[in-house]
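Any read-out appearing in this document is the output of simple, stated calculations on the displayed coordinates, not a laboratory observation. Computed from a predicted structure; not experimentally measured. When we count neighbours, we look across all protein chains shown, and the Cβ atoms used for this are built from the backbone with ideal geometry, even at glycine.
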Amino acid sequence: MSEEFLKCQLGFLGNTEGSAYLSQGKSTVSVSVVGPFEPKASKCMYDRATVDVTFRRKTGSITVHDKMLEGIMQSTCEKALVVEQYPRTTIVVTVQEMQDRGNLLSTCLNASCMGLMNSGIAMHHLYAAVSCAVTEKEEIILNPDETQINSSVAYLTLVFANTETRCLLTSHTTGEFSQKTYMDCMDKCYAASKEVFNFYQKVIKKSSIFN
Amino acid sequence: MISVDFNNVVLPGNDVSHIVLKGDNCKRSEKTIGPGLKSVDNKIIVCNGGVLRCKDDKYFWIEYFKKKYIPAKDDVVVGIVAAKTSEMYKVDIGASELATLPYLAFTNATKKNRPDIKVGNVVAAKIKMATPFMESEISCVEYANSIIFGQLENGFLINVSLNYALRLRKSNSKLLYQLGQMVPYEIVIGANGKIWIHSASIRTTIAIGNAILNAEHLEEEDIPQLVKSFNKSLNI
């Protein structure tokens with residue numbers, strides 16, 4: 001993973017509590033976080049906050065596949081946030097696709113993590129998503145580009161937390177692969193997630209302007 | 001594990017127990033953790049990405065960027081009256097819910113002598129009760145030696161981030177003092193990031209508001225420069 005691979009800008013939207021603009025390779029998304037605020041009575045939960053993730057395409061309406069991405073992001077965000085600290089509120093995360101050239105899910109997840117951290121909402125841990133493709137010769141390519149994804153037999157997106165022990169949060173896979181390949185992918189992605197966390201640390205260091 | 005040092009950046013999920021609980025000169029039970037830290041299974045875990053601060057080797061907290069106000073007891077806040085009911089006002093203090101302000105929670109108010117505040121007016125108040133499970137309750141009752149609460153008239157309201165509001169409230173803030181030497185003004189800084197300013201003319205009020213907004217990301221040394229240009233803009 002090269003220096004130029006990940007780029008991020010925090011707090012670029014004025015009216016939201018937190019925002020992040022993250023590009024991973026050639027894919028770019030922007031995320032805004034609003035809340036915690038008072039929801040409609042029907043959505044209100046008396047002992048915890050509800051997390052609402054909306055995904056927006058660059059053009060056109062969202063598809064069933066996009067709804068699935070929303071679901072993955074929602075469960076991952078909800079696990080990371082300390083929802084018990086904000087009862088009877090809603091936290092709304094809006095993810096806007098800016099450019100999709102492969103690895104959209106991992107870009108969205110990493111951007112949402114930065115957005116949530118920028119908003120100052122309490123979190124149990126951070127998370128980093130890494131995608132990899134498995135070729136016919138069982139080679140594993142980390143952060144593949146579009147052509148590599150299309151020619152691969154399997155495509156995996158794995159999300160890890162920055163805890164001391166290895167903690168797999170989310171696993172989204174397509175295609176066929178053996179158990180051994182899956183374990184190999186996990187090892188490789190876990191090593192790559194460390195670099196993403198180092199990047200997060202760098203971004204936070206840059207953004208904390210305190211006197 | 002990423003190593004964490006004093007006055008250094010920490011991320012949510014980092015374990016800082018080795019920093020917080022180190023040293024024998026202070027007992028474990030005497031350590032106090034504040035915002036951004038929580039204790040899980042005898043470990044101190046970070047909740048918010050920011051800078052770990054410490055005072056007297058005893059108090060630990062995280063300083064992090066925050067825009068959304070979460071009510072805390074005895075905070076002085078500035079709010080906008082959003083609605084009126086038969087018994088109380090609903091005041092927008094920038095929290096997740098509107099706060100309640102009973103008609104009787106004013107100095108010298110009685111059942112017959114009601115305060116005359118309309119929807120849209122700005123009030124300064126103190127938080128009487130704050131739990132995440134209920135609407136917070138605020139009060140404008142003044143006690144001996146307390147600061148002046150109640151309606152704020154003819155002013156101008158600006159919003160800043162919570163970190164900046166807290167920084168301005170510190171007594172060593174140079175900016176407010178130096179602006180005051182140029183032109184007299186009144187200011188109320190709420191812990192919720194709302195700042196009310198009032199001065200002799202609208203022109204100076206707006207100039208002061210702009211100066212405060214512009215100084216958010218300035219170093220302490222650069223403030224005299226800003227005040228100089230502020231003075232220039234007044235004399236045009």
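The table for this structure:
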read-out	value
Per-residue average of Cβ from other chains inside 10 Å of A:114-125	6
Percent of Cα-Cα distances greater than 18 Å, calculated over region A:77-211	59 percent
Straight-distance crosslink candidates among aspartates and glutamates, where the alpha carbon sits under 15 Å from A:Lys206 and sequence neighbours closer than 8 are dropped	B:Glu63
Cut-off under 5 Å, modelled amide H: who pairs with A:Met45 long-range	A:Thr50, A:Arg88, A:Thr89
Number of partner chain Cβ atoms within 10 Å, mean per residue of A:11-18	2
Shielding by partners - mean other protein chain Cβ count within 10 Å, residues of B:63-72	6
Reachable lysines, given that their alpha-carbon falls under 16 Å from the alpha-carbon of B:Lys194 and they are not under 8 places away in the same chain	B:Lys66, B:Lys67, B:Lys68, B:Lys126, B:Lys170
nm² value of the averaged projected area, convex hull over the Cα atoms of region B:8-63	3.4 nm²
In order through region A:166-178: 3J(HN,Hα) via Karplus (6.51 cos²θ - 1.76 cosθ + 1.60), integer Hz, x for Gly, Pro	6, 9, 7, 8, 9, 9, 10, 10, 10, x, 10, 7, 7
Kirkwood Rh in Å, taken over region B:75-152 so that all alpha-carbon pairs contribute	12.5 Å
Mean Cα-pair separation over length for region A:12-116, i.e. relative contact order, pairs under 8 Å, 6 or more apart, %	43 percent
Whole-Hz ³J(HN,Hα) from phi, Karplus 6.51 cos²θ - 1.76 cosθ + 1.60, for region A:67-72, glycine and proline x	4, 5, 4, 4, x, 5
Where Rh is the Kirkwood radius over Cα pairs, Rg/Rh for the protein assembly as shown	1.02
Backbone HN-Hα couplings from phi across region B:190-196 [Karplus 6.51/-1.76/1.60, Hz, Gly and Pro as x]	x, 5, 8, x, 9, 10, 9
Packing rank of B:119-130, A:54-65, where each peptide gets the mean count of other beta carbons within 10 Å, highest leading	B:119-130, A:54-65
Cβ-derived FRET efficiency at R0 45 Å, A:Glu38 paired with B:Glu219, nearest 0.05	0.75
Nearest-20 debye value, region B:162-236 charge dipole, Cβ charges on Lys, Arg, Asp, Glu	180 debye
GluC sites (Glu not before Pro) restricted to region B:48-140 and DSSP loop, no more than 15 other C-beta within 10 Å	B:Glu87
Sorted by Cβ neighbour density within 10 Å, fewest at the top, the residues B:Lys38, A:Lys206	A:Lys206, B:Lys38
Per-residue Cβ neighbour rank within 10 angstrom, fewest leading, A:Ile140, B:Ile158	B:Ile158, A:Ile140
Spatial extent of region B:62-219: Rg and Dmax, with the Cα atoms as the point set, Å	15.9, 52
Residues with amide H under 5 Å from that of A:Ala154, placed H, sequence gap 5 or more	A:Val134
nm² value of the averaged projected area, convex hull over the Cα atoms of region B:156-235	4.6 nm²
Dipole in debye (nearest 20) - the protein assembly as shown, about Cα centre, beta carbon charges: Lys, Arg +1; Asp, Glu -1	1220 debye
Loop sites in region B:153-206: trypsin sites (Lys or Arg not before Pro), DSSP, at most 14 other Cβ within 10 Å	B:Lys170
Mean residue ellipticity (222 nm) of the protein assembly as shown, computed from DSSP H runs ≥ 4 via -39,500 (n - 2.57), nearest 500	-8000 deg cm²/dmol
Farthest toward positive dipole pole in the protein assembly as shown [+1 Lys/Arg, -1 Asp/Glu at C-beta], among A:Val92, A:Ala49, B:Ala211	B:Ala211
Chain B - share of DSSP beta bridges that are antiparallel (%, nearest 5)	90 percent
Hits among aspartates and glutamates - C-alpha to C-alpha of B:Lys118 under 13 Å, sequence gap 8 or more where chains match	B:Glu153
